[in-house]
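Engineer: After the structure tokens below, expect a handful of questions from me.
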Amino acid sequence: MKTADVLNHMNGTAISLNGFNHDEIGDEHLLTGMETPMRADAFKMSDEEKKQKISYHFAEIMETLGLDLNDDSLKGTPNRVAKMYIEEIFSGLNPMNKPKVALFDNKYQYNQMLIEKNIQFYSNCEHHFVPIMGKAHVAYISSGKVIGLSKLNRIVQYYAKRPQVQERLTNQIATELCEILQTDDVAVIIDAKHLCVSSRGVKDDSSTTITSYYGGVFNTPEKIIELQNFLNN
Ligand SMILES: [Zn+2]
């Protein structure tokens, strides 16, 4: 992939496959856009119907692998996986589960950066459906409104609970915060471990991936250094 294409997709423009096939795109964890690719009819089916369908198909996968679904330990697995997909690890696909956020006036006129650091999250790689886990650090400067601190964590968790690509997760959290807080002065840094890199593939257990978004005044050398100093302490 050429640098121009990388910049292009970081700006949120969908990229062409550029001569790569779909297997290569997935194996290299390249993302093709900043929006989670969803079908228009994504929510026509009820959660209950989705669970039944996933359970049926997951049982098929297990059977194909040669597992005996009559075994007492395995019997409930298809249902358990279906419930976990819909209610927990992929619940962030459904906009109904988006955290409700109340805005408050910035009464004390605190006009410096506010950082919520080390927000632990669990997500899943959309190319292999295995865990991505890590920490998100988010920062903003109030434009006159503030939100409860726990909401910053909840917004991170909501977007993490999707099949993800780390660059997209970073941008989705940033875009959401800009919209809610009505400011461009938002920064998001994510440091995460991808099990598809450590437990399979190249089996590198020590590497982590860092992605960042610096918007508005955060996109200056001074602010980036100030933010990094807080994060390193
Ligand atoms: Zn992966």
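Computed from the coordinates by the stated procedures, all read-outs in this text should not be read as laboratory data. None of these values were measured; they are calculated from a predicted model. FYI the Cβ positions are ideal-geometry reconstructions off the backbone, even for glycines, and counts take in every protein chain you see.
Engineer: Once the principal axes of the Cα atoms of the stretch 170-226 are found, what is the range along each, listed largest first in whole angstroms?
Structural biologist: 41, 25, 11
Engineer: I need the chymotrypsin sites (Phe, Trp or Tyr not before Pro) found in the stretch 83-140, filtered to DSSP loop residues with at most 13 other beta carbons within 10 Å of theirs.
Structural biologist: Within the stretch 83-140, the qualifying chymotrypsin sites (Phe, Trp or Tyr not before Pro) (loop, at most 13 other Cβ atoms within 10 Å) are Y108, Y110, F129.
Engineer: Mind listing the Cα extents of the chain along all three principal axes, in Å, largest one first?
Structural biologist: 63, 41, 37
Engineer: Out of all Cα-Cα pairs in the stretch 103-232, roughly what percent, to the nearest whole number, are more than 17 Å apart? Write out the running numbers ahead of the final one.
Structural biologist: Details: 4762 of 8385 pairs.
Counting pairs separated by more than 17 Å, the tail of P(r) holds 57 percent.
Engineer: Can I ask one more? Anyone know which of Q120, Q164, Q112 comes out most mobile in the 10 Å Cα GNM of the chain?
Structural biologist: Highest fluctuation of the listed residues: Q112.
Engineer: Just tell me which lysines come within less than 25 Å, Cα to Cα, of K98; anything on the same chain fewer than 8 places away is out.
Structural biologist: Within the straight-line cut-off, K98 pairs with K44, K50, K51, K53, K83, K117, K135, K145, K151, K161, K193.
Engineer: Mind listing which trypsin sites (Lys or Arg not before Pro) in the stretch 176-233 are in a DSSP loop and have 16 or fewer other Cβ atoms within 10 Å?
Structural biologist: R200, K203
Engineer: If you don't mind, there's one more thing I want to ask. Restricting attention to the stretch 63-135, which trypsin sites (Lys or Arg not before Pro) occupy a DSSP loop and are surrounded by at most 10 other Cβ atoms within 10 Å?
Structural biologist: Here the trypsin sites (Lys or Arg not before Pro) that fit, given the DSSP loop and packing criteria, are K100, K107.
Engineer: Which value, in nm² and rounded to one decimal, describes the direction-averaged projected area of the C-alpha convex hull of the stretch 48-93? Could you put the intermediate results ahead of the total?
Structural biologist: Values: hull surface 13.0 nm².
If you wrap the Cα atoms of the stretch 48-93 in a convex hull and average its projections, you get 3.2 nm².
Engineer: For a quick check: sort M113, M45 by the number of other beta carbons within 10 angstrom, fewest at the front.
Structural biologist: M45, M113
Engineer: Can you tell me the convex hull volume per residue for the stretch 28-125, based on C-alpha atoms, in Å³ to the nearest whole number?
Structural biologist: In the stretch 28-125, the Cα convex hull volume per residue is 212 Å³.
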